[in-house]
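Beneath this line is the structure, given in structure tokens, with notes to follow.
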Amino acid sequence: MEVPLLGGTANRGRVHRVGDTVRRPLRTTSAATHALLRHLEEVGFDGAPRVLGVDDAGREVLSYVPGQAVTAPAPAWGLTDAALWSVGRLLRRFHDAAAGFDPEPHLWSHPAPAPFDGGGITHNDPNLDNVVFRDGQAVALIDFDLSGPGCAVWDVAAAARLWAPLRDPVDTTDIRRGRELQRLRIFVDAYGLDDTGRVDFLPALRDSHDWMYEIVRTGAEDGTPGFAAYWTPETAARADRARAWFTRNAGSIGEALLAGRG
């Protein structure tokens with residue numbers, strides 16, 4: 001029996017659980033993703049799915065990671081500071097585990113742009129529904145479709161933007177509203193972001209925000225159903241409000257990052 005899995009945008013409605021496996025569409029960059037996942041398995045990183053092969057329908061077969069993701073409407077346990085801290089620690093463990101992987105021989109879908117395009121491997125889509133939790137703690141990252149070469153602060157900025165969240169508070173309707181900078185400090189401390197990363201954080205935040213929305217916009221224009229459904233005039237307006245919020249609060253963001261050292 002195939003059970004549709006919730007979440008996701010590009011592959012919405014096309015990802016299914018079959019027993020202890022997950023079946024997902026293959027892509028031109030699947031070989032790169034599979035090489036990364038096999039590397040993570042080889043180094044003992046338990047926070048990612050395992051590659052099991054390709055099924056008779058031509059779909060990639062991955063191991064199913066038991067647990068819960070934070071899908072809308074977000075459950076209260078997924079918005080706690082403890083959950084946020086655990087996401088920061090998980091992201092750091094992923095970067096450490098991927099540090100020995102060479103991305104050069106592989107084709108990636110959307111590598112991070114310069115100057116954030118080197119120094120490691122990034123997940124690139126650490127959204128709430130791409131993190132698996134058990135007992136309120138983040139234990140695994142899923143959906144590595146956008147993964148590729150990039151530096152750690154690129155992923156940290158993207159994750160903080162989504163999980164703190166860093167955006168105009170008018171667009172946050174849950175208990176995180178008004179605590180954006182406090183939660184930013186929690187996240188970067190949990191990750192252990194170094195001084196260089198804290199200096200580079202704001203440019204990475206701005207660029208990763210624009211990079212992701214450009215992927216969504218072009219995907220909508222190309223007719224990808226999930227992107228087309230997501231990219232509405234209100235989505236574009238929300239993106240503009242977030243970008244303006246970054247600018248208005250640049251000084252406060254910088255202060256929060258420095259206050260969070262330790």
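Things worth noting here:
- Meeting the requirement of 3 or more residues that are outside the structural domain of Val131 (by TED's automatic domain parsing), at pLDDT 95 or above and closer than 22 Å to Asn124 by Cα, no helices (runs of 4 or more DSSP H) wholly within the stretch 153-262 can be named.
- Residues in the stretch 213-248 that are in contact (Cβ under 8 Å) with a residue 60 or more places away in the chain and not aromatic (Phe, Trp, Tyr): Ile215, Val216, Gly219, Thr224, Pro225, Gly226, Ala229, Arg238, Arg241, Ala242, Ala244.
- Within the set Asp200, Asp194, Asp117, the sole residue that is among the acidic types (Asp, Glu), more than 27 Å from Pro49 (Cβ to Cβ) and surrounded by fewer than 16 Cβ atoms within 10 Å (Cβ to Cβ) turns out to be Asp194.
- Test: Pro4 is over 21 Å from Gly226 (Cα atoms), exposed (fewer than 15 other Cβ atoms within 10 Å of the Cβ) and more than 17 Å from the chain's Cα centre (by Cα): no
- Val132 farther than 22 Å from His209 by Cβ and surrounded by 21 or more Cβ atoms within 10 Å (Cβ to Cβ): yes
- Some residue of the stretch 126-133 being aromatic (Phe, Trp, Tyr) and either at positive phi or outside any strand (DSSP E or B) (or both): no
- Residues that are without any contact (Cβ under 8 Å) to a residue 12 or more places away in the chain and over 15 Å from Thr80 (Cα atoms), drawn from the stretch 178-195: Asp194
- Of all residues in the stretch 1-48 being of a type in the set (Val, Ile, Thr) and in a loop (DSSP other than H, G, I, E, B), the one that is farthest from Ala220 (Cα to Cα): Val43
The values are calculated or read from the model by the stated rules, or taken from the named source; none is laboratory data. Computed from a prediction, not measured in an experiment: that's the story for all the values here. Don't worry about glycine lacking a Cβ; one is built from the backbone with ideal geometry, like all the others, and counts go over all protein chains shown.
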